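Participant: Submitted below is the structure of interest, expressed as structure tokens.
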Amino acid sequence: MSGAPRIRLGVAGLGRAFMLMLPTLARDTRVEMVAAADPRPEARARFADDFGARVYDSVEALCADPDLDAVYIASPHGFHVAHVRAAAAAGKHVLVEKPMALTIEDCQAMIAAAREGGVHLLVGHSHSFDAPYLRAREMIRAGDFGAVRMITAMNFTDYLYRPRRPEELDTSQGGGAIFSQAPHQVEVVRLLAGRPARSIRAVATVWDRARGTEGAYNALLDFGEGLSATLTYNGHGHFDTDEFQDWIGEMGTPRDAAAYGTARAALRAVSSPEEEAALKERRAYGRGSGAAEARSTPAPPAYNHFGLVIASCERADLRPTPRGIAIYADDERRFEPLPPPDVPRAEVIDELHAAIFQAVPPLHDGAWGLATAEICLSLLVSARTGREVALRHQGTP
């Protein structure tokens, strides 16, 4: 990283997504935090103090800043298309959070805006950026274990019972597990499959009427030629698949296995949607930890992950883990470790930096994000109709 040109970055939205990327943005020397936009004065003040940067109360003003190379769009889902258009029209490269958008038409509009603006459009972070999954993809493409024949992805969390704003519990506004969590699994299995998906059949219902949105799903993705992927997600806060990861959490940090049911317990103290939103707001940027804490906190001992994933090839099962790849071959079982990350989620900056300064086409481009959005939307359609849904906007990863 030393000596590499720096991405002069602006941030649109200083909410939860930004907080999750803050350790990366504060520590990666290839990034210079130049400006941000957010409607909350306390968030703007904290950003200006943390980074000595400019702040704006509108994304349009941010995008007009002449000193930016790129804009990281971390605003709520429904704003993505307008904010991508504003950044692309200003000639800024774009990193937009998943899900890319909530309709096929909006995804296509974002791709067109980037093309017309002559800029790169990246979609993420999703866990398909994580080094263990990228390494497993390399192993599959090398062909040493034969063709991949089946992919199994399973994640059990307490997602549905973490503090939420009302729109985050409304599927029509992009809330719930299918828009917020499924993109991670969808992109990991697409990465490992290495070819377009053909169809999806899924089951997803609302179990807890008090939460009002889907917190779990089962899906079967058909990639053709005998390759399929099963995706299981359950965010109802009972079993936890981090038990399968030696209690390394999603963000690559150790968890306390004895701390059971904490999300549900915290939610029981809340008596209204307003109180729940306020509980979430306590963790927001401008009120919680900032860049100084992100810089001083030691790097995580392991990589991010998204539950249990197994890629079954003809001559081996490959299991990406937070510390490397477990290989279960015909005649041996071995583990290929990966060096611990210096910067969490640095893989996102790897891809953005290469696109901007080396003209390397990004893997997670607009077409990639469109394919994921189509699968998530089709998952909902299949669950509600009971039918298999053909996919029409899938490119080769």
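Participant: Could you tell me whether any residue of region 212-228 is free of Cβ contacts under 8 Å to residues at least 40 places away in the same chain, farther than 18 Å from GLY174 by Cα, more than 23 Å from the chain's Cα centre (by Cα) and not in a loop (DSSP other than H, G, I, E, B)?
Facilitator: Checking region 212-228: at least one residue is free of Cβ contacts under 8 Å to residues at least 40 places away in the same chain, farther than 18 Å from GLY174 by Cα, more than 23 Å from the chain's Cα centre (by Cα) and not in a loop (DSSP other than H, G, I, E, B).
Participant: Give the number of residues within region 1-37 that are outside any helix (DSSP H, G or I) and in contact (Cβ under 8 Å) with a residue 24 or more places away in the chain.
Facilitator: Adding up the residues that qualify gives 24.
Participant: Hey, another quick one. So ALA367 clears everything in (1) within 20 Å of ARG201 (Cα to Cα); (2) within 19 Å of the chain's Cα centre (by Cα) except one condition, right? Which one?
Facilitator: (1)
Participant: Next up: Could you say which residue among ALA12, ALA17, ALA64, ALA86 is out of contact with any Gly (no Cβ under 9 Å at 6 or more places or on another chain) and modelled with pLDDT under 95?
Facilitator: After applying the criteria, what remains is ALA17.
Participant: Go through region 89-118 residue by residue and tally those that are of a type outside the set (D, E, K, R), under 19 Å from the mean Cα position of the chain (by Cα) and part of a loop (DSSP other than H, G, I, E, B).
Facilitator: Adding up the residues that qualify gives 5.
Participant: Before we move on, is PHE145 over 23 Å from ARG315 (Cβ atoms), of a type in the set (Phe, Trp, Tyr) and out of contact with any Phe, Trp or Tyr (no Cβ under 6 Å at 6 or more places or on another chain)?
Facilitator: So PHE145 does not fit the description; no.
Participant: Mind telling me which of the residues ARG190, ARG135, ARG195, ARG201 ends up being surrounded by fewer than 19 Cβ atoms within 10 Å (Cβ to Cβ), part of a helix (DSSP H, G or I) and in contact (Cβ under 8 Å) with a residue 12 or more places away in the chain?
Facilitator: Values: ARG190 fails: surrounded by fewer than 19 Cβ atoms within 10 Å (Cβ to Cβ); ARG195 fails: part of a helix (DSSP H, G or I); ARG201 fails: part of a helix (DSSP H, G or I).
Just one listed residue meets the conditions, ARG135.
Participant: Applying the selection to region 320-339, what residues are surrounded by 14 or more Cβ atoms within 10 Å (Cβ to Cβ) and either of a type in the set (A, V, I, L, M, F, W, C) or at pLDDT below 95 (or both)?
Facilitator: Of everything in region 320-339, those that are surrounded by 14 or more Cβ atoms within 10 Å (Cβ to Cβ) and either of a type in the set (A, V, I, L, M, F, W, C) or at pLDDT below 95 (or both) turn out to be ILE325, ALA326, ILE327, ALA329, LEU338.
Participant: Here's another thing I want to ask about it. Can you tell me which residues in region 290-317 are free of Cβ contacts under 8 Å to residues at least 60 places away in the same chain and either in a helix (DSSP H, G or I) or surrounded by fewer than 15 Cβ atoms within 10 Å (Cβ to Cβ) (or both)?
Facilitator: Result: GLU293, SER296, PRO298, PRO301.
Participant: Can you name the number of the only condition in (1) within 27 Å of ALA197 (Cβ to Cβ); (2) assigned by TED's automatic domain parsing to the domain that holds THR29; (3) in contact (Cβ under 8 Å) with a residue 40 or more places away in the chain that VAL360 fails?
Facilitator: Failing condition for VAL360: (3).
Participant: Another one. Scan region 93-112 residue by residue and report those that are under 17 Å from GLY124 (Cα atoms), out of contact with any Asp or Glu (no Cβ under 7 Å at 6 or more places or on another chain) and of a type outside the set (Val, Ile, Thr).
Facilitator: Those that are under 17 Å from GLY124 (Cα atoms), out of contact with any Asp or Glu (no Cβ under 7 Å at 6 or more places or on another chain) and of a type outside the set (Val, Ile, Thr): LEU95, GLU97, LYS98, PRO99, MET100, ALA101, LEU102, ASP106, CYS107, GLN108, MET110.
Participant: Take the conditions closer than 30 Å to GLY146 by Cα and either aliphatic (A, V, I, L, M) or surrounded by 15 or more Cβ atoms within 10 Å (Cβ to Cβ) (or both) and apply them to GLU225. Does it pass? Quick ask: steps written out before the conclusion?
Facilitator: Values: closer than 30 Å to GLY146 by Cα: yes; either aliphatic (A, V, I, L, M) or surrounded by 15 or more Cβ atoms within 10 Å (Cβ to Cβ) (or both): no.
Spelling it out, it is not the case that GLU225 is closer than 30 Å to GLY146 by Cα and either aliphatic (A, V, I, L, M) or surrounded by 15 or more Cβ atoms within 10 Å (Cβ to Cβ) (or both).
Participant: When you scan region 378-395, do you find a residue that is under 30 Å from PRO5 (Cβ atoms), modelled with pLDDT of 95 or more and hydrophobic (A, V, I, L, M, F, W, C), even just one?
Facilitator: Scanning region 378-395 turns up no residue that is under 30 Å from PRO5 (Cβ atoms), modelled with pLDDT of 95 or more and hydrophobic (A, V, I, L, M, F, W, C).
Participant: Tell me, yes or no, whether region 240-252 has at least one residue that is hydrophobic (A, V, I, L, M, F, W, C), outside any loop (DSSP other than H, G, I, E, B) and over 19 Å from GLY307 (Cα atoms).
Facilitator: So far as region 240-252 goes, no, none of its residues is hydrophobic (A, V, I, L, M, F, W, C), outside any loop (DSSP other than H, G, I, E, B) and over 19 Å from GLY307 (Cα atoms).
Participant: For GLY146, which of the numbered conditions (1) assigned by TED's automatic domain parsing to the domain that holds GLU274; (2) over 30 Å from GLY249 (Cβ atoms); (3) among the small types (Gly, Ala, Ser); (4) crowded, with 23+ Cβ neighbours inside 10 Å fails to hold?
Facilitator: All conditions pass for GLY146, except number (4).
Yes/no per residue for (1) outside any loop (DSSP other than H, G, I, E, B); (2) under 23 Å from LYS98 (Cβ atoms):
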site: ASP331; (1), (2): no, no
site: PHE335; (1), (2): yes, no
site: PRO340; (1), (2): no, no
site: GLU347; (1), (2): yes, yes
site: LEU352; (1), (2): yes, yes
site: ILE356; (1), (2): yes, yes
site: VAL360; (1), (2): no, yes
site: HIS364; (1), (2): no, yes
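Participant: If you go through region 55-81 one residue at a time, how many are within 24 Å of GLU42 (Cα to Cα) and over 18 Å from the mean Cα position of the chain (by Cα)?
Facilitator: Selection size over region 55-81: 14.
Participant: Could you list, in sequence order, all residues of region 154-187 that are part of a loop (DSSP other than H, G, I, E, B) and within 18 Å of the chain's Cα centre (by Cα)?
Facilitator: Scanning region 154-187 gives THR157, ASP158, ARG162, ARG164, GLY174, GLY175, GLY176, GLN181.
Participant: Within region 247-260, which residues are touching a residue at least 40 places away in the same chain (Cβ under 8 Å) and over 19 Å from the mean Cα position of the chain (by Cα)? I'd like the intermediate steps shown before the answer.
Facilitator: Residues of region 247-260 that are touching a residue at least 40 places away in the same chain (Cβ under 8 Å), as a first pass: 248, 250-254.
Within region 247-260, PRO254 is the sole residue that qualifies.
Participant: Would you point out the residue of region 365-375, among those that are in contact with a Lys or Arg (Cβ under 9 Å, 6 or more places away or on another chain) and not acidic (Asp, Glu), that is farthest from HIS93 (Cα to Cα)?
Facilitator: Step one: of region 365-375, the residues in contact with a Lys or Arg (Cβ under 9 Å, 6 or more places away or on another chain) are 366, 368-369, 371-375.
If we keep only those that are not acidic (Asp, Glu) as well, we get 366, 368-369, 371-373, 375.
Numbers: GLY366: 12, TRP368: 16, GLY369: 15, ALA371: 20, THR372: 21, ALA373: 21, ILE375: 25 Å.
That would be ILE375.
The values are calculated or read from the model by the stated rules, or taken from the named source; none is laboratory data. What you see is a predicted model; the values in this text were computed from it and never measured. Methodologically, a virtual Cβ is constructed for each residue, glycine included, from the backbone with ideal geometry; neighbour enumeration extends over all protein chains shown.
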